[in-house]
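Heads up: the structure comes next, in structure tokens.
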Amino acid sequence: MKALVDATKSDDELLRNIALSGSYGSGKSSILREVARRESKRAFTVSLASVGLTEDTGPPRYPTNLLQKEILKQLLFRIAPRKAPASRFRRPGRQSSWRLARDVLSIGTLAAGLTCLLRNYDPTQIIDDWPKRFQAAAIAGAFLLGANALVSLSGFIAYRNRSVQFRAGPATLKLEDPAGNYFDDWLDEIVYIFEISKTELVIFEDLDRFDNPAIFDDLRDLNTVLNNAQQVHGGSRLRRARRVQFVYAIRDSVFDFERGSASQGAAVDRAKFFDLIVPVVPFLTHESSTDHVWATVRQAASDIPNDLIDLVSSSLVDMRLIKNIRNEFLMFREVTSSGTQALTTLTSAGLFAMVVYKNLYLSDYEQIRNGTSDLDEVYRMSRIVSGAAIRRIDRDLASIQNAETSRDRAVTFSDELHTHLVRMKRQLGLDSDSQIEFTVGDQTFEPDDTDTTAFWEGVTNEGLLGVTLGDDEASLSITVDDMVDLLGFDPRSLAPTAAEETDWIEEREKLVARKAKLSHSAMRDLIGDSTLSITTEDPDAEHEGEQITYAEYCRRTLPDSLAFELLARGYIDDNFTLYVSRYNDSRVSTTAKRYLIHNVRQNLFDPFFELTPADAAAVIERMERQEDDGDGVLNVSIFDQLLSQPQSRLLEMAADRLCAGGERESGFTTDYLRNGARPLALVTALAPRWAAGFEFLAHSDGVAEPRRTEFLGALLAGAAAETAYELGDPTRDLLSRMLPDIAVPSPPEADGGADSQSLLQMIQILDLKPLELARLDAAIADGLVDSGHYEINPSNLTYALGEHSDLALETIRDKKPAVYSVILEDLSSFIKSARSLNPRWHSIRDPKEFESVLSDIRRVAPEVDAIVRYSNHRCQVGRLTAVDSTYWPALVEHSRLRFTVANAALYVHRFGLDDTIIKFLNGGRPSDIGVSAIDPDVRNTFARAVLQSDGRIRGGARVVVRLARSAQPSRPMPASTLPLGPPALIGEALRTHLVKLDALLFEHLASAEWSVKERAIKVSSKSFPSIVSSDLLSRADWIRFFQSRVLSHTVRDAVFSQMEDILGDSNPAYPALVEWAVRRNRRCTDLQFRHLVTTSASPRSLFVLLAQNRRTVTPAEATEIVQLIGEPFTGLTKKWRTVEIPYTPAVQALLEQMTGTWPIAKVKPINADRLKVTTRRSL
């Protein structure tokens, strides 16, 4: 302070620009204010705030010209308008009455003078009679008034067009825009202001905030101009010249444009720019702030914890900020601790922490009012995290409870097993006191052992239970799946060992304690819990999907580490919103206010926020007043209160919302069923309109089985007949199994619930079929039996039919028609149940009723198969047409059909020749009684199928053909009836004239093997010549025809004699034909020889055939034929040749016969098959 004051009073004329340098918060402003106070007559302060100092358009920026404009504005408004009459700026200002009178008189005098001048009137005539001294005074006054008017008028004319506009609070000053900058264009105005004022010291604050060093250059230039302006300093030999000094408050780094570098340029520039730099030694730093905060805060409150003061002190390094925090704390405390504003649960520490938060994080603090601050975000996440943890605990507790419940089911299962076996003994006619013995693997158990865990564990491991009834009178094996299907229980669901039970108890205790802690946990508690995790979901985050703790989430969300520490240490708690506003309703507690702010006003879903009944009632009152059914109503405590006053309109709206479904609504319903005080009341309230209720309760995760049973019972009791309830097959099956436990009529004197008739009606509407009628209320069970709404199982059959009833279908039909109808709808279950009750059960006992019972059944295999199989073996159907064709396979399979060709034909016509009928036909020779009475198409179909049985019918071709003929088909049967083999079958069919030998037959057999055709030709050799034609056989078959060793020569003679017509000219069968003719020693005519030599027949064979026909051929014909046969045989007719020819006796005889005709000189054998013939030189 002293150094700065001394500098301002120094005689050094060059000490004009002085800097007061120091860091932010070091006290520069305090020093400058004190200097301004001491030098108030000659000092003037220019203070520029950076907030809001922007261009009219565009982003915030601080150009030099704009700063000049703000400085000029403050200079202009520094001087009163009346003290600057020569100023170009006309500003509104209050004028004195004396000056106003003077101006009026001046203008009036001037106007009167002008009037006299224009009218040539001498105004002195008015004062001619005055004394001389008064005349002189009047003339002088008029002159002065006129001069004053002229001066004012000239000033107005001179400056009327110079203007620019800028704002200064509510006032607006208008100046024309400068061509250069404000200092240059309005320099004369600035000099004039300093000329008429006594200002010698101008203090500039906050210029360093704008990071614009150029303004310092402009101000230095302006200072130089002012000190050099004669009209400003006015110095003379008689008085000291005025000196204008500029004092700047700057931070140390104002000229450091490369912050962080080691260059000395910034320091040199700063030292050269300012004539003097006065440093300010900070009295408040991060290290020393604690003492100042202590001293300041302790004046306001003594109950603020020391740890809190120590925590915030390092962040408060500005004394103004510290004092402001103290002042705001006092004001807030006054409001929150007096009158109706008093909130007893709020603390001074919490209030002080929030005031500190307000001053350090202004923007975020403002967002608390609308629920979008960082604190609101971490609060919401704390409720989400704790709620999720409580739900996980609820699911784990439900799992433990379900496991404990299953432990007690071993006894129930044992009773069910005994009951079932007793029924079975009765059906078998065994003594009810006879012994029952169980076998599991290698172990044997007595009946008293079946309620032990060891027994059921053995059954589960082996998967099979052996049962012996009586003294080895009956034994059976029951699988685990049989127990599920027939008895309705699964032994695999039983509880495990006692050691595991101990673990359950310990785990449950831990979970209950953990849940209680979480239910009352504040944000501070959750920060200290490292087991709570959050999955990041921000797509812009560096690690989306990362698992982080709640503490880490708070660190990332809150502004800085101080905010986190205030939260982690509990100084900012869950009631932070109550410190920021006024609350006039003293009837609402702090907890209720917090719920109203966060959950009702901000619509925050928080089912586990705990409210007392009074608080819940207060919240409900305000929500009903506003008709608000937002997420705030979805709270366990709120619903506890609502369900205690069921006439509430809010409850109706909330119930409608829960029934409508939705992820959040479904989640809350589950939360309330686990944690609410009146879960049954909730289910009852929802029941009449909760269409998805049964599906929800049946499959809700985490609801323990005993409670699930209670809830489903309440829902069934309160269900409305007009509501269309959603019910999938799995849910319907579950409800059917649980009916004995949930369909319990209420006593007549009880409030609520449902009577037997109402329950029966809902069971029928929902189409539920109970598994245990005997456990139901008698009225409900009897009504279900009458309506047929029950599952077919041993227990229900026993109840519906009576203990000792006959289970034969015809008996049930006659005695219990309603039960019979239900059985027909579920034959499979009936068969299993009946077999379970009586292993010797007959589905139909009376043969006379066999066909009538079958006619009632309209089902497919395997039910029909089982009905037929388990029927009395004396039951038979005389003719298949008497029963539906659905039963035919079972009747044939189990020999419940008379063994006739007619029945077989009917079956084959309907189902084809399957394995079942094949087995039937192979059982012997069926009777042909009644065959003629069936349709010919049926007979033909049967015969065709038998012929095409492909060897499956035993006995060979003769049996097959005989069976086909026994059906009396239309004869002859078409050729297409026959298969393409085997040969014996074709032959037998032709032999018995079942089919006819004709061209159509060979056309059908075209692709068959030759052996099949060969057998057909052989069997019909007498009639074959009558049908033979060129296209009867293929060329290859014609070759086989003449090569066959089976066919008679008669058949081939017929073809040979007509070979030209049958075989044509180019048939490849000619070589085989000639070979056959040679072997047959067949006689040929001259014409036949001439035809054969033109075919592909072998010359050797033709020559041999010629030799065999030497007696019927003349020498001339023989010579001609040899010529046609060709070489080498033509050499026999030519001179001087040696020819080798085949040897046969016929050839030898031919040569001898033709010696005189052919020039044969010598014949010499070469070997047994060849001859060498030499001809002469001449005949």
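The values are calculated or read from the model by the stated rules, or taken from the named source; none is laboratory data. Source: prediction; values computed, not measured. Counting neighbours? That spans all protein chains shown, and the Cβs are built from the backbone with ideal geometry, glycine included.
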Taking segment 1-39 as the region of interest, how many residues are outside any loop (DSSP other than H, G, I, E, B) and not hydrophobic (A, V, I, L, M, F, W, C)?
-> 12
Could you pull out every one of the helices (runs of 4 or more DSSP H) wholly within segment 620-699 that has 3 or more residues that are among the charged types (D, E, K, R)?
-> 649-660, 663-675
What do you reckon, is ALA1072 touching a helix residue (DSSP H, G or I) at 6+ places or on another chain (Cβ under 8 Å) and either more than 25 Å from ARG1045 (Cα to Cα) or in a loop (DSSP other than H, G, I, E, B) (or both)?
-> no
Give segment 585-608 a look and list any residue that's in contact with a helix residue (DSSP H, G or I) (Cβ under 6 Å, 6 or more places away or on another chain) and part of a loop (DSSP other than H, G, I, E, B), or say none.
-> SER586, VAL588, SER589, ASN603, LEU604, PHE605, ASP606, PRO607, PHE608
Here are ALA721, ALA754: which of them is outside the structural domain of ARG391 (by TED's automatic domain parsing) and surrounded by 20 or more Cβ atoms within 10 Å (Cβ to Cβ)?
-> ALA754
Among what's in segment 1082-1102 and is within 17 Å of ALA1146 (Cα to Cα) and part of a helix (DSSP H, G or I), pick the residue that is farthest from the chain's Cα centre (by Cα).
-> PHE1089
Pairs, please: C-beta under 7 Å, at least 6 apart or cross-chain, first residue farther than 13 Å from LEU596 by Cα and in segment 629-642, second modelled with pLDDT under 85 and part of a loop (DSSP other than H, G, I, E, B)?
-> LEU642/SER648
Is at least one residue of segment 903-921 buried (at least 19 other Cβ atoms within 10 Å of the Cβ) and touching a Gly at 6+ places or on another chain (Cβ under 9 Å)?
-> yes
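Table: residues versus (1) buried (at least 18 other Cβ atoms within 10 Å of the Cβ); (2) in contact with a strand residue (DSSP E or B) (Cβ under 7 Å, 6 or more places away or on another chain); (3) modelled with pLDDT of 90 or more; (4) charged (D, E, K, R).
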{"site": "SER795", "(1), (2), (3), (4)": "yes, no, no, no"}
{"site": "LEU809", "(1), (2), (3), (4)": "yes, no, yes, no"}
{"site": "ASP814", "(1), (2), (3), (4)": "no, no, yes, yes"}
{"site": "ALA818", "(1), (2), (3), (4)": "no, no, yes, no"}
{"site": "VAL822", "(1), (2), (3), (4)": "yes, no, yes, no"}
{"site": "LEU837", "(1), (2), (3), (4)": "yes, no, no, no"}
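Matching residues to (1) surrounded by fewer than 16 Cβ atoms within 10 Å (Cβ to Cβ); (2) in the same structural domain as ARG1170 (by TED's automatic domain parsing); (3) without any contact (Cβ under 8 Å) to a residue 40 or more places away in the chain:
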residue	(1), (2), (3)
ASP1061	yes, no, yes
ASN1067	no, no, yes
ARG1083	yes, no, yes
LEU1092	no, no, yes
LEU1102	no, no, yes
PRO1128	no, yes, yes
When residues of segment 1103-1136 are limited to those that are assigned to a helix (DSSP H, G or I) and of a type in the set (D, E, K, R), the one farthest from ASP1065 (Cα to Cα) | GLU1117
May I ask you to list the residues in segment 716-750 that are assigned to a helix (DSSP H, G or I), in contact (Cβ under 8 Å) with a residue 24 or more places away in the chain and more than 20 Å from ALA779 (Cα to Cα)?
-> PRO730, THR731, ARG732, LEU734
Restricting to segment 755-777, what's the tally of residues that are within 13 Å of HIS789 (Cα to Cα) and of a type in the set (S, T, N, Q)?
-> 2
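Conditions tested, residue by residue: (1) at pLDDT 90 or above; (2) of a type outside the set (Lys, Arg); (3) on the phi > 0 side of the Ramachandran plot.
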| position | (1), (2), (3) |
| --- | --- |
| ALA882 | no, yes, no |
| THR886 | no, yes, no |
| LEU897 | no, yes, no |
| ARG910 | yes, no, no |
| ASP914 | yes, yes, no |
| ASN922 | no, yes, no |
| LEU947 | no, yes, no |
| GLY955 | no, yes, yes |
So, in segment 789-825, of the ones that are within 16 Å of TYR870 (Cβ to Cβ) and in a loop (DSSP other than H, G, I, E, B), which residue ends up farthest from the chain's Cα centre (by Cα)?
-> ASP806
Go through segment 424-481 and give me each residue that's of a type in the set (S, T, N, Q), touching a helix residue (DSSP H, G or I) at 6+ places or on another chain (Cβ under 8 Å) and modelled with pLDDT under 70.
-> GLN427, SER432, SER434, THR450, THR452, THR453
What single numbered condition from (1) part of a loop (DSSP other than H, G, I, E, B); (2) under 21 Å from THR684 (Cα atoms); (3) in contact with a His (Cβ under 7 Å, 6 or more places away or on another chain); (4) of a type outside the set (Ser, Thr, Tyr) fails to hold for LYS769?
-> (2)
Any residue in segment 52-64 that is modelled with pLDDT under 75 and among the hydrophobic types (A, V, I, L, M, F, W, C)?
-> yes
Cβ pairs under 8 Å, 6+ apart or interchain, first in segment 812-830 and hydroxyl-bearing (Ser, Thr, Tyr), second surrounded by fewer than 20 Cβ atoms within 10 Å (Cβ to Cβ) and at pLDDT 90 or above, ordered by first then second residue, are TYR820/ARG813; SER821/GLY788
Could you list, in sequence order, all residues of segment 862-885 that are under 17 Å from ILE844 (Cα atoms) and either among the hydroxyl-bearing types (Ser, Thr, Tyr) or crowded, with 17+ Cβ neighbours inside 10 Å (or both)?
-> GLU863, VAL864, ASP865, ALA866, ILE867, VAL868, TYR870, SER871, CYS875, VAL877, VAL883
Could you look through segment 237-258, keep only residues that are basic (Lys, Arg) and either part of a strand (DSSP E or B) or more than 13 Å from SER21 (Cα to Cα) (or both), and pick out the one that is modelled with the highest pLDDT?
-> ARG243
Evaluation of ARG220 against (1) of a type in the set (Lys, Arg); (2) modelled with pLDDT of 85 or more; (3) farther than 17 Å from LEU276 by Cβ (one fails), failing number = (3)
In segment 617-648, the residues that are more than 17 Å from VAL683 (Cα to Cα) and of a type in the set (D, E, K, R) = GLU621, ARG622, GLU624, ARG625, GLU627, ASP628, ASP629, ASP631
Can you work out which of the residues in segment 840-862 that are part of a loop (DSSP other than H, G, I, E, B) and within 50 Å of the chain's Cα centre (by Cα) is modelled with the highest pLDDT?
-> ILE857
Condition check for LEU784: modelled with pLDDT of 90 or more, touching a Gly at 6+ places or on another chain (Cβ under 8 Å) and crowded, with 22+ Cβ neighbours inside 10 Å = no
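Okay, residues lined up against (1) within 60 Å of the chain's Cα centre (by Cα); (2) under 26 Å from ILE79 (Cβ atoms); (3) surrounded by fewer than 16 Cβ atoms within 10 Å (Cβ to Cβ); (4) not assigned by TED's automatic domain parsing to the domain that holds VAL247:
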position: THR8; (1), (2), (3), (4): no, yes, no, no
position: ASP11; (1), (2), (3), (4): no, no, yes, no
position: ASN17; (1), (2), (3), (4): no, yes, no, no
position: GLY22; (1), (2), (3), (4): no, no, no, no
position: SER26; (1), (2), (3), (4): no, no, no, no
position: SER30; (1), (2), (3), (4): no, no, yes, no
position: VAL35; (1), (2), (3), (4): no, yes, no, no
position: GLU39; (1), (2), (3), (4): no, yes, no, no
position: ALA43; (1), (2), (3), (4): no, yes, no, no
